[in-house]
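A.B. asks: Dumping the structure here so I can ask a few things about it.
A short reminder: the numbers here are calculations on the coordinates, not readings from a lab. A quick note: this is a predicted structure, and the numbers were derived from the prediction, not measured. Neighbour counts run over all protein chains shown; Cβ positions are idealised from the backbone, glycine included.
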Amino acid sequence: MHTLVLGPDYQPLSYLPLSTIHWQQSLRLFFLDKVHVLDWYDDWAIHSAKLTVRVPAVIVTKQGYFKRKHSVAFTRDNVFLRDMYQCAYCSDIFHQRDLTIDHVIPRAKGGKHSWTNVITACKPCNHKKGDQLWKPLWKATKPDYYAIAKSVKSSTRDVRHPSWAQYLGIENVSTG
């Protein structure tokens with residue numbers, strides 16, 4: 001289970017990846033007085049012989065000692081975020097498990113594995129396309145950090161605790 005980490009400005013330290021830490025680390029930071037706890041997991045507490053402590057759901061650092069990264073890693077998840085989980089061939093929106101990464105110019109034909117040659121495709125479209133050249137509905141580009149962060153805010157996200165939504169600026173939330 002994870003804890004959302006916010007900077008002193010009450011903004012996530014990072015969206016890519018989302019600034020979360022393991023619950024044990026959040027408790028260490030709490031006991032070291034390096035963070036304020038904004039929200040706790042209501043149904044989760046840790047017990048010792050003399051102490052019972054609820055697990056933090058959201059913490060804010062007292063100092064900005066975490067460094068924000070403003071570059072976007074070339075990952076499968078970030079390609080899906082850039083394309084807003086939309087197939088570049090049929091334009092339907094899918095759940096991540098129903099999507100694949102497609103090379104606009106297939107690797108078998110000399111295509112590179114890069115931001116400008118990779119798009120999101122649903123499994124049926126990707127299967128039909130195979131190693132043919134199909135023109136996607138939009139041009140694949142390398143996104144900047146702020147474009148991806150905006151995509152994160154406007155997409156439906158699975159979050160670990162309902163209180164995360166207010167700090168992430170998300171309206172469509174399913175907890176999980």
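A.B. asks: Counting C-alpha atoms alone, how compact is the chain: give Rg to one decimal and Dmax as a whole number, in angstrom.
C.D. replies: That works out to 19.8, 66 Å for Rg and Dmax.
A.B. asks: What FRET efficiency comes out for the pair Arg76/Leu51, r = Cβ-Cβ distance, R0 = 35 Å, nearest 0.05? Write down the numbers at each step before the final one.
C.D. replies: Values: r = 42 Å, r/R0 = 1.19.
In this case the efficiency is close to 0.25.
A.B. asks: Also: Determine the dipole magnitude for region 100-142: charges of +1 sit on the beta-carbon of Lys and Arg, -1 on that of Asp and Glu, nothing else is charged, the reference point is the Cα centre, and the result goes in debye to the nearest 20. Before the final figure, lay out the partial values.
C.D. replies: Values: 9 positive and 2 negative charges, 14 e Å.
Taking the Cα centre of region 100-142 as origin, the dipole is about 60 debye.
A.B. asks: When averaged across all projection directions, what area in nm² does the alpha-carbon convex hull of region 76-143 cover? Intermediate results must be reported in sequence, preceding the final value.
C.D. replies: Numbers: hull surface 15.7 nm².
For region 76-143, averaging the hull's shadow over all directions gives 3.9 nm².
A.B. asks: Pairs Lys112/Lys135; Lys112/Lys150; Lys112/Lys142; Lys109/Lys129: which are spaced more than 19 Å apart, C-alpha to C-alpha?
C.D. replies: On the way: Lys112/Lys135 16 Å; Lys112/Lys150 27 Å; Lys112/Lys142 13 Å; Lys109/Lys129 14 Å.
From the list (Lys112/Lys135; Lys112/Lys150; Lys112/Lys142; Lys109/Lys129), the Cα-Cα distance tops 19 Å for Lys112/Lys150.
A.B. asks: In whole percent, what relative contact order does region 76-143 give with Cα contacts below 8 Å and a gap of six or more residues? Intermediate values should be presented prior to the final figure.
C.D. replies: Numbers: 102 pairs, mean separation 24.0, N = 68.
Relative contact order of region 76-143: 35 percent.
A.B. asks: Applying the Karplus parametrisation 6.51 cos²θ - 1.76 cosθ + 1.60 with θ = phi - 60° to the phi angles of region 137-146, what ³J(HN,Hα) value in whole Hz is obtained for each residue in order, glycine and proline being reported as x?
C.D. replies: Rounded to whole hertz, the list is 6, 9, 7, 6, 9, 7, x, 9, 4, 5.
A.B. asks: What FRET efficiency do you get for Asp43 and Thr141 if R0 is 30 Å and r is their Cβ-Cβ distance, rounded to the nearest 0.05?
C.D. replies: Values: r = 43 Å, r/R0 = 1.44.
Efficiency, from the Cβ-Cβ distance: 0.10.
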